[in-house]
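Visitor: Here you go, one structure.
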Amino acid sequence: MNSSFIALLTDFGTEDGYVAAMKGRILGLNPGAQLIDISHEIQTYNIRQAAFCLNTCYYYFPEKTIFVTVIDPGVGTKREGIVIQTSQHYFVGPNNGVFSFVYQREGYRAFQIQMQEFEDVSPTFHGRDVFAPMAAWLAEGKSLQRYLKPIRKLESFLKQPQQLSEKEFGLEVLHIDHFGNIILNWHQNDFPEKRGVFAPMVTLRNQKFSHLAATFGDVPAGELVLTWDSSGYLQIAQNKGCAADTLGCTVGDEVKLSL
Amino acid sequence: MNSSFIALLTDFGTEDGYVAAMKGRILGLNPGAQLIDISHEIQTYNIRQAAFCLNTCYYYFPEKTIFVTVIDPGVGTKREGIVIQTSQHYFVGPNNGVFSFVYQREGYRAFQIQMQEFEDVSPTFHGRDVFAPMAAWLAEGKSLQRYLKPIRKLESFLKQPQQLSEKEFGLEVLHIDHFGNIILNWHQNDFPEKRGVFAPMVTLRNQKFSHLAATFGDVPAGELVLTWDSSGYLQIAQNKGCAADTLGCTVGDEVKLSL
Amino acid sequence: MNSSFIALLTDFGTEDGYVAAMKGRILGLNPGAQLIDISHEIQTYNIRQAAFCLNTCYYYFPEKTIFVTVIDPGVGTKREGIVIQTSQHYFVGPNNGVFSFVYQREGYRAFQIQMQEFEDVSPTFHGRDVFAPMAAWLAEGKSLQRYLKPIRKLESFLKQPQQLSEKEFGLEVLHIDHFGNIILNWHQNDFPEKRGVFAPMVTLRNQKFSHLAATFGDVPAGELVLTWDSSGYLQIAQNKGCAADTLGCTVGDEVKLSL
């Protein structure tokens, strides 16, 4: 049997059996599925962190990979389950914003999962009882018309940079990564006309940064510096340090960019 | 070569190479084995936590999956290594209670691993030197008569609910999960006659809970509530909170259930 | 398509998408690659820890397994990328000492990766843009002459035991593992003539240890004891405890061994 890759992203941690229950369920339905762990260490209920995590990796996966993303504080309530189909991939999970970057970057078709078509669904574990079977079936190419209806209203939390004046933009801290890099909501592809002559001055917590380096290693250990992150976002990094701790900043903090 | 799934559950953490040594050993003996990580983040030596973790996931895995479970504070001493065979699965690990839920729920045959048949066994790492090869060989269907003898005495730590009066039961906290849900040793399948008309009053640390909801999302954020967990156990949960922290409770705490 | 195993070892953590981006990139180039996670929980930039982790596991993996090891504080600077080929395996990563144990234990050929042959390389993420493709291509047996040139100078941090007198050696703490075992840079294979009659006295932080047991379980709970670790290094362990915490010691601490 030919089957696609199924990539798993959750906030379940791994000290419980919840991730494994999803894996077992998928393999029980589709033993040819090839499972890939993206992460199970997303902070509990942190939809924004999961969305950014997915944003930095999905692009590289083979055609037809299915991303099952279960950060789901609203499980069992009226929030919908959805499937997003792009030209390359499928995304399966709750309609709570976790696929915000996918809508922004890709053409797509969106479907609502018809929960009433599933049997024996625990109201606290749709990951195992709804999303896992959807992924297993998608991976083997089963027809899923019965389980899917088109949906229009998709949740998103993304903020675009706010143009404050000709040369000033209001940004925010989009993400802080494992190394403490502070990633801003300014992607080089979104402003192609500014890309060639990009001379930024970034203000965060009353500190100003204007040195745009190629990599953190270009400055002495401990020094803070602007770089493009590996996905194309502007970031404040610290060579051999943790910029977020040094600056005491968190996701959502306001940032000013002057060009 | 056709090979079964081998699912790995340990307390090794992943900052060392111990888990990878087991993976390498299995693949070195049986390159067709398909490895699945259940968890390596079980608390050091916490047999109860590992047993519960296994309990919530093994059921879903395909037929012939082999579960290698190495939480093994007694490694190298006289504790036995065992293989449990049920109608669907194999379980390989130390005889220290880590398979307690399996004996309780499944029909099984139990075997003692004949340690003396193995060569070059490190007294501190049976996971790599005994359990990994057993799993690799089971997965390829090798005859293992030489390595296995029937065993009778299996360790278990499970406590059944104590009936205190016609309508009162003494329970205990069986498990606290990643989200802080407090899971009790009352499974809905164990008391089928009480299932239809289940109106519980749970007392824990002098607090009483009687609202049985379908899911945590049914109550306001921060509120504590009774629900069935996704495996069928009664639990105290907190919507968007950590019930165990809020109540300051730990595994083994006494709980009273009045019906 | 026939493809080798690719084993991944990083300090990326898994709360970001960096590991998954590497996995996606490898599978995008070589969908037949079989990925194995060694660890992504190496402490940030801790080259020594990663080297030891690799040292305890690579030996067991099947022939032609490719180890991609990305602990890379110097990414984007002049540090080289390398490929080490031994009789059994390939190792891909930065030339910063992370393969120190491999050079010490194996015959090998070493190559410098020709970075200029790669396109669209992020200066902060060679794991995804250089090492992942190298591994994907090695796994499918592609000719890589264009990307590789012989290299001579390989970084290493390993210290050999210093002979202080006829019966005294200056050692250091090589590694502290997940269980708190204190592993010393004395491997039983390095001193075969001393192996049969090994009666050690180890001095660390003014405490002396001379009881060499087969396993920690041979002494009462809480007691400190010398044992051979499962890779053949001398270690100080504590039965059901954390020796490193109890002794307050860290990697690099000086140790005296008297025989």
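Visitor: Nothing charged except the Cβ atoms of Lys and Arg (+1) and of Asp and Glu (-1): what's the magnitude of the dipole of the protein assembly as shown about its Cα centre? Round to the nearest 20 debye.
Guide: For this selection, approximately 980 debye.
Visitor: Here's something else I'd like to know. Using Cβ counts within 10 Å as a stand-in for footprinting exposure, how do B:LEU212, B:LEU54 rank, fewest first?
Guide: B:LEU212, B:LEU54
Visitor: Using a label point 7 angstrom from Cα along Cα-to-C-beta, what distances in nm, from shortest up, separate A:GLN116 from the other copies?
Guide: 6.7, 6.7
Visitor: Same structure again: Could you calculate the FRET efficiency of C:ARG79 with A:ARG79 from 1/(1 + (r/R0)^6), where r is the beta carbon distance between them and R0 is 45 Å, rounded to 0.05?
Guide: Working from the Cβ atoms, E equals 0.40.
Visitor: Distances from A:LYS167 to the same position in the other copies: list them in nm, one decimal, shortest first, using label points 7 Å from Cα along Cα→Cβ.
Guide: Nearest to farthest, the other copies are at 7.8, 7.9 nm.
Visitor: Express as a percent, rounded to the nearest 5, the fraction of DSSP beta bridges in the range B:5-150 (both residues included) that run antiparallel.
Guide: 50 percent
Visitor: Still on this structure, I have one more. How many angstrom lie between the Cα centre of the range C:105-136 and the Cα centre of the range A:1-49?
Guide: Answer, in whole Å: 29.
Visitor: Report the residue of chain B with the smallest Cβ-to-axis distance, using the rotation axis that brings B onto A, in whole Å.
Guide: Nearest Cβ to the rotation axis, residue and whole-Å distance: B:ASP37, 4.
Visitor: Treating cross-link reach as a plain straight distance, find the lysines whose alpha-carbon is under 18 Å from the alpha-carbon of B:LYS159, omitting any fewer than eight places away in the same chain.
Guide: Partners found: B:LYS256.
Visitor: Ranked by Cβ crowding within 10 angstrom, fewest neighbours first, how are C:TRP228, B:TRP186 ordered?
Guide: Fewest-to-most ranking of C:TRP228, B:TRP186: C:TRP228, B:TRP186.
Visitor: A follow-up question, please. Sequence gap at least 6, Cα distance under 8 Å: using those rules, report the relative contact order of chain B to the nearest whole percent.
Guide: Normalised by residue count, the contact order of chain B is 16 percent.
Visitor: Got a sec? Charge dipole of the range C:5-150, +1 on Cβ for Lys and Arg, -1 for Asp and Glu; which of C:ALA51, C:VAL83, C:PHE12 is way out at the positive end?
Guide: The Cα lying farthest towards the positive end belongs to C:VAL83.
Visitor: May I ask you to derive the FRET efficiency for B:GLU223 and A:ARG109 from their Cβ-Cβ distance with R0 = 51 Å, giving the value to the nearest 0.05?
Guide: So the FRET efficiency works out to roughly 0.85.
Visitor: Enumerate the calculated ³J(HN,Hα) couplings along the range C:151-161 in order (Karplus 6.51 cos²θ - 1.76 cosθ + 1.60, θ = phi - 60°), each rounded to whole Hz, writing x wherever the residue is Gly or Pro.
Guide: 3J(HN,Hα) across the range C:151-161, in whole Hz: 9, 10, 7, 10, 6, 8, 10, 5, 10, 7, x.
Visitor: Counting DSSP beta bridges in chain A, what percent are antiparallel, to the nearest 5?
Guide: 75 percent
Visitor: Return the single residue from C:LEU29, C:LEU144, C:LEU154 with maximal mean-square fluctuation; model: Gaussian network over chain C, springs between Cα atoms under 10 Å.
Guide: Of the options given, C:LEU144 has the highest mean-square fluctuation.
Visitor: For Cα pairs less than 8 Å apart in space and 6+ apart in sequence, what is the mean separation divided by the residue count of the range B:5-150, i.e. the relative contact order in percent?
Guide: Normalised by residue count, the contact order of the range B:5-150 is 28 percent.
Visitor: Provide the percentage of antiparallel DSSP beta bridges, counting only those with both residues in the protein assembly as shown; round to the nearest 5.
Guide: Bridges in the protein assembly as shown that DSSP calls antiparallel: roughly 75 percent.
Visitor: Calculated FRET efficiency, C:HIS211 and C:THR86, Cβ-Cβ r, R0 45 Å, to nearest 0.05?
Guide: Plugging the Cβ-Cβ distance into 1/(1 + (r/R0)^6) gives 0.75.
Visitor: Next up: About its Cα centre, how strong a charge dipole does the range C:162-258 have in debye, to the nearest 20, once Lys and Arg get +1 and Asp and Glu get -1 at the Cβ?
Guide: Taking the Cα centre of the range C:162-258 as origin, the dipole is about 200 debye.
Visitor: Per-residue ellipticity at 222 nm for chain B, helices alone: DSSP H runs ≥ 4 residues times -39500 (n - 2.57), over residue total, nearest 500 deg cm²/dmol?
Guide: -4500 deg cm²/dmol
Visitor: Hey, rough spin-label estimate for C:GLN188 and A:ARG152, points 7 angstrom out along Cα→Cβ, what's it come to in nanometres?
Guide: Result for the modelled spin labels: 7.3 nm.
Visitor: Defining the label point at 7 Å along Cα→Cβ, can you sort the distances from C:GLY141 to the same site in each other copy, shortest first, in nm?
Guide: Here C:GLY141 shows inter-copy label distances of 2.7, 2.7 nm.
Visitor: For the residues B:VAL68, A:VAL219, what sequence is obtained by ranking on other C-beta atoms within 10 Å, fewest first?
Guide: Listed from fewest to most nearby Cβ atoms, that is A:VAL219, B:VAL68.
Visitor: Could you pull out every one of the aspartates and glutamates with an alpha carbon less than 17 Å from that of C:LYS149, ignoring same-chain neighbours closer than 8 positions?
Guide: C:GLU80, C:GLU117
Visitor: For A:LYS23, go through the lysines and keep the ones whose alpha-carbon is under 19 Å away, minus same-chain ones fewer than eight residues off.
Guide: A:LYS64, A:LYS142, B:LYS23, B:LYS64, C:LYS23
No lab work stands behind these numbers, since they all come straight from the coordinates. Note that the structure is a prediction, hence the values are computed from the model and not measured. Don't worry about glycine lacking a Cβ; one is built from the backbone with ideal geometry, like all the others, and counts go over all protein chains shown.
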